[in-house]
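Taking it in order: structure first as structure tokens, then the write-up.
The values are calculated or read from the model by the stated rules, or taken from the named source; none is laboratory data. Remember, predicted model here, so these are calculated numbers, not experimental data. We place every Cβ from the backbone using ideal geometry, glycine too, and count neighbours over all the protein chains shown. Side chains are part of the model used for accessible areas, which takes the heavy atoms of the whole protein and leaves out ligands, DNA and RNA. Shrake-Rupley method; radii C 1.70, N 1.55, O 1.52, S 1.80 Å.
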Amino acid sequence: MIEVRELTKRYGATTAVDRLSFTVRPGTVTGFLGPNGAGKTTSMRILLGLDAATSGEALVNGGGYAALRRPMREVGALLDAGAVHGGRRAFDHLGWLARSNGIGARRVAEVLEQVGLAGVARKRVGGFSLGMRQRLGIAAALLGDPGVLMFDEPVNGLDPDGVRWIRELMRSLAADGRTVLVSSHLMTEMELTADRLIIIGRGRLIADTSVRELADRFRRGVLVRTPRPAALTAVLAAAGGSVESMPGGALTVTGMDVAVIGDRAAARGIPLYEVTPHSASLEEAYMELTAGSTEFGAVAS
Ligand SMILES: Nc1ncnc2c1ncn2[C@@H]1O[C@H](COP(=O)(O)OP(=O)(O)O)[C@@H](O)[C@H]1O
Ligand SMILES: [Mg+2]
């Protein structure tokens with residue numbers, strides 16, 4: 001479990017994180033979503049004890065990172081996959097991490113297998129592709145078999161196979177009952193991976209929601225096609241619906257669900273060719289929620 005309470009971080013005049021509060025529960029993949037500069041990395045760094053909060057709390061399993069007795073066994077993280085020294089061999093890098101955390105060598109072989117690097121375990125990290133470095137970073141995160149995992153923009157720069165692999169790994173870690181927090185600036189990525197979403201902008205909480213709730217909140221009405229639009233408009237408007245004509249002759253009905261539209265049309269003998277509930281895409285919802293929160297956003301004309 002991860003709990004962030006009224007967390008604030010200032011760098012000089014910049015407020016990177018601004019009274020941010022949220023909870024990440026076990027058993028789900030929670031997406032930590034926000035435009036570049038929103039404060040995602042800063043929040044994760046504070047949760048991992050790599051930076052100090054200005055005020056507020058960032059707790060892992062009920063305590064601050066510094067209070068964890070065996071940190072690698074409680075929380076694993078992938079922050080910056082480029083951080084491994086290039087001259088090291090993959091096995092030695094993990095072996096060193098394992099030894100300094102009282103973890104056996106057998107576990108090193110296990111995680112290398114799990115991330116698909118067993119075949120290159122003796123190769124120097126300097127020759128690794130970005131995708132292989134990401135896998136190595138994930139192997140390090142998994143080393144202590146922790147119940148809490150954090151991944152900061154893990155799919156950046158990966159090819160489609162790598163992206164799919166990471167997505168499936170996150171889901172399986174959550175299915176094991178672990179707490180999984182994964183950051184991204186892309187909704188398109190999160191909607192495929194995450195169950196819950198913590199959306200932030202300029203260091204502040206914008207939404208703490210499930211993917212489904214967000215889709216419902218941005219439901220845009222029902223698209224209806226009929227050969228008798230004028231008659232249907234009159235019937236639905238009289239029944240309290242709000243009807244808008246679309247280019248091409250379709251109607252968009254709001255304030256009325258699909259069944260009511262169908263029943264009213266049937267009662268008057270008006271044929272329907274299509275009745276489709278319509279949502280804004282999650283991407284559109286995200287753009288709307290974070291409008292004005294981007295650090296270097298385009299100015300609307
Ligand atoms: N070490 C630092 N010194 C000064 N400003 C920083 C530092 N780290 C982050 N920031 C600023 O804090 C804000 C949040 O950054 P960051 O947490 O990296 O956002 P994100 O990961 O969501 O893109 C940005 O405005 C960034 O420029
Ligand atoms: Mg970041």
- Message: Within region 17-27, does at least one residue satisfy the condition of being among the hydrophobic types (A, V, I, L, M, F, W, C) and free of Cβ contacts under 8 Å to residues at least 60 places away in the same chain?
- Response: no
- Item | Filter pass, Y11 being open to solvent by 40 Å² or more (accessible area, probe 1.4 Å), assigned by TED's automatic domain parsing to the domain that holds R178 and within 16 Å of ligand 2 (Cβ to nearest atom) | yes
- Task: Would you confirm whether any residue within region 79-96 is within 16 Å of ligand 1 (Cβ to nearest atom), assigned by TED's automatic domain parsing to the domain that holds G49, outside any helix (DSSP H, G or I) and at pLDDT 95 or above?
- Result: no
- Query: Do you know which residues across region 12-39 are assigned to a strand (DSSP E or B) and among the polar types (S, T, N, Q)?
  - Reply: T14, T15, S21, T23, T30
- Task: Only residues that are open to solvent by 40 Å² or more (accessible area, probe 1.4 Å), modelled with pLDDT of 95 or more and hydroxyl-bearing (S, T, Y): list them for region 42-77, please.
- Result: T54, S55
- Restricting the search to region 268-282, which residues are farther than 30 Å from T193 by Cα and free of Cβ contacts under 8 Å to residues at least 24 places away in the same chain? G269
- Note on the structure: Selection from region 19-34 of residues more than 10 Å from ligand 2 (Cβ to nearest atom) and either under 13 Å from the mean Cα position of the chain (by Cα) or hydroxyl-bearing (S, T, Y) (or both) yields S21, T23, V24, T28, V29, T30, G31, L33
- Taking the residues in region 174-196 that are open to solvent by less than 50 Å² (accessible area, probe 1.4 Å) and among the charged types (D, E, K, R) as candidates, determine which candidate is nearest to ligand 2 (Cβ to nearest atom). E189
- Where a residue in region 120-144 is farther than 13 Å from V84 by Cβ and open to solvent by 20 Å² or more (accessible area, probe 1.4 Å) and its partner, wherever it lies, is at pLDDT 90 or above and not in a helix (DSSP H, G or I), with Cβ under 6 Å and at least six apart: R122/R89
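Residues are listed down the side, and each one gets a yes or a no for (1) under 39 Å from the mean Cα position of the chain (by Cα); (2) open to solvent by less than 80 Å² (accessible area, probe 1.4 Å); (3) over 29 Å from T23 (Cα atoms):
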| position | (1), (2), (3) |
| --- | --- |
| G201 | yes, yes, no |
| S210 | yes, yes, no |
| A215 | yes, yes, no |
| L232 | no, yes, yes |
| A237 | no, yes, yes |
| A267 | no, no, yes |
- Filtered residues of region 21-34 (kept if crowded, with 22+ Cβ neighbours inside 10 Å and either farther than 15 Å from G147 by Cβ or near ligand 1 (Cβ under 9 Å from one of its atoms) (or both)): G31, F32, L33, G34
